[in-house]
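Before any comments, here is the structure.
Every number here is computed from the coordinates shown, using simple stated rules; none is lab data. Computed from a prediction, not measured in an experiment: that's the story for all the values here. Backbone-built Cβ (ideal geometry, glycine too); neighbour counts: all protein chains shown.
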Amino acid sequence: MNILLSCVGRRTYIADFLRPYLQVGEKIIGTSSVALTPGFSFCDLGVIVPPICHEEYIPAVLDVCNKLEVGGVLSLFDQDIDRLSNFRDDFLDAGISPVFPSADVSRICFDKVATANFLKEHRFHGPKTFSDLNGTREALREGSLHFPLFVKPRYGFASEHVFIARNDAELEVFFNYRNDMIVQEKLRGKEHSFDVCSNLDAEPLAAVFKEKLAMRAGETDQARTIYDPERLELAFRLARTLGCPGPLDIDLFIDGDRAAVLEFNPRFGGGYPASACAGADFPRILVELMRYGTYTPDTLSYRNQVFMMKSYQIICGTEEELNDNVVYASDI
């Protein structure tokens with residue numbers, strides 16, 4: 001059984017985390033639409049596929065999976081997950097384990113208005129969210145909403161095009177920055193996250209609670225693990241209600257006893273290495289799920305107060321050296 005890391009990008013450590021659980025002869029295959037992809041250097045084979053938005057993208061990925069005996073697919077890129085989610089049944093029909101959500105769950109994760117509605121419907125706390133200025137200004141007049149406010153794209157990724165409005169004039173400008181802008185309450189408290197791993201039927205198996213200590217370009221740069229049974233119970237309730245198979249990253253703010261969820265990321269989050277270093281071995285679970293379809297539960301605990309910091313890793317070589325293990329999907 002080979003494993004496909006779709007849109008492997010820069011998260012090279014995911015390949016390293018998976019590798020110990022492969023059997024002799026099994027491979028980690030990465031895909032990207034460009035040849036110079038850092039993650040290719042950590043895969044056994046890199047495959048260049050059409051861009052995500054191209055009509056031939058899904059057929060190319062499925063063809064790669066069939067020809068290279070791929071048993072399971074993990075994606076590391078939000079837009080890719082959203083595209084793949086619409087074809088989940090195609091992977092199942094081909095005998096490939098899709099370790100990514102259904103289209104309905106993907107929409108909840110990547111549409112911030114849908115996220116807010118989901119949290120409200122299931123009585124979880126989250127930021128007040130508005131898709132129009134009239135509703136925002138009415139809430140401001142009533143006193144149920146206060147500046148500063150976040151103004152961001154409804155379908156945004158990686159903290160791009162996110163603004164802080166401190167008054168009505170800024171709110172007007174930022175909201176009209178592009179057509180899909182929304183307004184969100186600025187949550188109080190410290191930023192935390194949950195790493196959750198669920199089986200292929202979206203039943204949560206393990207979770208880790210972390211505090212984010214530093215961020216860089218929208219991704220966790222430093223974090224520490226916290227063992228808190230009450231918070232972990234919330235992680236399981238959130239994951240079970242959402243129904244996302246495989247890895248799930250949940251961002252939230254803790255203010256006293258109140259936990260407010262900001263967003264769901266149906267993939268390995270940028271802070272997962274902290275969980276891995278603390279002993280939460282999600283890759284072992286995922287490989288077993290992809291190989292056998294089930295996972296034999298055990299006591300998956302993790303160490304408290306484990307700190308994680310990221311550093312730069314440099315990959316150098318000539319184009320020929322860097323592409324030594326890279327092929328085009330059409331040439332397989």
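Quick notes on this structure:
- Cα-based radius of gyration of the stretch 128-185 once divided by 2.2 N^0.38 Å, which approximates compact folds: 1.01
- Positive dipole terminus of the stretch 232-322, leading residue within Pro247, Thr294, Val306 (C-beta point charges): Thr294
- When the C-alpha to C-alpha distance is required to be over 25 Å, the pairs from Lys128/Lys190; Lys27/Lys212; Lys120/Lys310; Lys112/Lys190; Lys67/Lys310 that qualify are Lys27/Lys212; Lys120/Lys310; Lys67/Lys310.
- Sequence-separation-based contact order of the stretch 241-320, relative, with Cα cut under 8 Å and 6+ spacing, percent: 22 percent
- Computed over the chain, Cα set: Rg, Dmax in Å: 20.4, 65
- For the chain, adding -39500 (n - 2.57) for each run of n ≥ 4 DSSP H residues and dividing by the number of residues yields -8500 deg cm²/dmol at 222 nm.
- Computed about its Cα centre, the charge dipole of the stretch 188-309 is approximately 160 debye, with only Lys, Arg, Asp and Glu carrying charge at their Cβ.
- Cα centre as origin, Lys/Arg/Asp/Glu Cβ charges: the chain dipole, Debye: 1080 debye
- With R₀ fixed at 35 Å, the C-beta to C-beta distance from Glu138 to Arg237 puts the FRET efficiency at about 0.65.
- Sparse packing (at most 14 other Cβ atoms within 10 Å of the Cβ) combined with a DSSP loop state is found for the following chymotrypsin sites (Phe, Trp or Tyr not before Pro) in the stretch 239-319: Tyr312.
- Of the GluC sites (Glu not before Pro) in the stretch 138-181, those whose Cβ has at most 11 other Cβ within 10 Å and which sit in DSSP loop: Glu160
- Over all pairs of different C-alpha atoms in the stretch 1-155, the reciprocal of the mean inverse distance, the Kirkwood hydrodynamic radius, equals 17.8 Å.
- Antiparallel content of DSSP bridges confined to the chain, in %, to 5: 70 percent
- Additional length obtainable on full extension of the chain from Ser301 to Ser159, 0.36 nm per residue less Cα span: 48.0 nm
- Equivalent-ellipsoid semi-axes of the stretch 188-309, from the Cα gyration tensor, Å, largest first: 22, 15, 13
- Were the residues from Arg166 through Val24 laid out at 0.36 nm apart, the gain over their Cα-Cα distance would be 45.3 nm.
- For the pair Ile332 and Thr294 in one chain, pulling the backbone fully straight at 0.36 nm per residue adds 10.6 nm over the alpha carbon distance.
- The trypsin sites (Lys or Arg not before Pro) of the stretch 273-332 meeting both criteria, a DSSP state outside H, G, I, E and B (loop) and at most 13 other C-beta atoms within 10 angstrom of the site's C-beta, are Arg303.
- Using a Förster distance of 45 Å, the FRET efficiency for Tyr227-Glu320 (Cβ separation, nearest 0.05): 0.40
- Approximate spin-label separation Asn86-Met309, in nm, with each point projected 7 Å along Cα-to-Cβ: 4.4 nm
- Placing unit charges on each Cβ (+1 for Lys and Arg, -1 for Asp and Glu) gives the chain a dipole about its Cα centre, and among Leu68, Ala35, Ile315 the Cα reaching farthest toward its positive end belongs to Ile315.
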